Amino acid sequence: MKKSTQKFKEAKVTTRDILLAVNKLSDDIDQRFTGVDQRLDNLEQKVDSLEQRVGNVEGIINTQMVTKDYLDRKFAEFRLEETPKHQRVNKLTNILQQKKILTLADTKIILS
């Protein structure tokens, strides 16, 4: 009976050792998760800050930038406006063509 009692005591020690090891492992894992949680909290704060900054930039862009439609309208207005300079060039080329100094092809090139 002495042998069986000794084996039982060894088994108790082994079980206790295993339980202690598992408990230590659990504590270590808890500490690591706590560290990971802290790092995630820091990342969330940084992402929130970036979201605010991007929102501010979007607001600035929306209030200060012009749209493509606006630019298209303005360019169309400029193309339609015929300045006195354009009128003088048109008259001069027409006169030179009538006097046969410019050919029709030359006139088209100048006026295009």
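Every number here is computed from the coordinates shown, using simple stated rules; none is lab data. The structure presented is a predicted model; accordingly, all values stated were derived computationally and were not measured. Glycine also receives a Cβ, built like all others from the backbone with ideal geometry; neighbour counts cover every protein chain displayed.
Straight-line reach from residue 91: taking Cα to Cα under 18 Å and skipping same-chain neighbours fewer than 8 places apart, the aspartates and glutamates in range are 81, 82, 106.
Counting only alpha carbon atoms, the long axis of helix 84-98 and the longest principal axis of the chain meet at about 50°.
Ignoring the sites themselves, what is the longest stretch of the chain with no trypsin sites (Lys or Arg not before Pro) in a DSSP loop and at most 13 other beta-carbon atoms within 10 Å?
The segment 1-98 is the longest one with no such site.
In debye, nearest 20, what is the charge dipole magnitude of the chain about its Cα centre with +1 on Lys and Arg Cβ and -1 on Asp and Glu Cβ, if you could check? Walk me through the intermediate numbers first.
Numbers: 21 positive and 17 negative charges, 111 e Å.
Using only the charged Cβ atoms, the result is roughly 540 debye.
When region 66-112 is described by a simple charge dipole with +1 on each Lys and Arg Cβ and -1 on each Asp and Glu Cβ, the residue from 86, 111, 101 located farthest towards its positive end is 101.
Given a cut-off of 13 Å, what percent of all Cα-Cα pairs of region 41-112 lie beyond it? Of all Cα-Cα pairs in region 41-112, 77 percent lie more than 13 Å apart. For region 30-102, which GluC sites (Glu not before Pro) pass both filters: DSSP loop (anything but H, G, I, E, B) and at most 11 other C-beta atoms within 10 Å? Sites meeting the loop and neighbour criteria: 81, 82.
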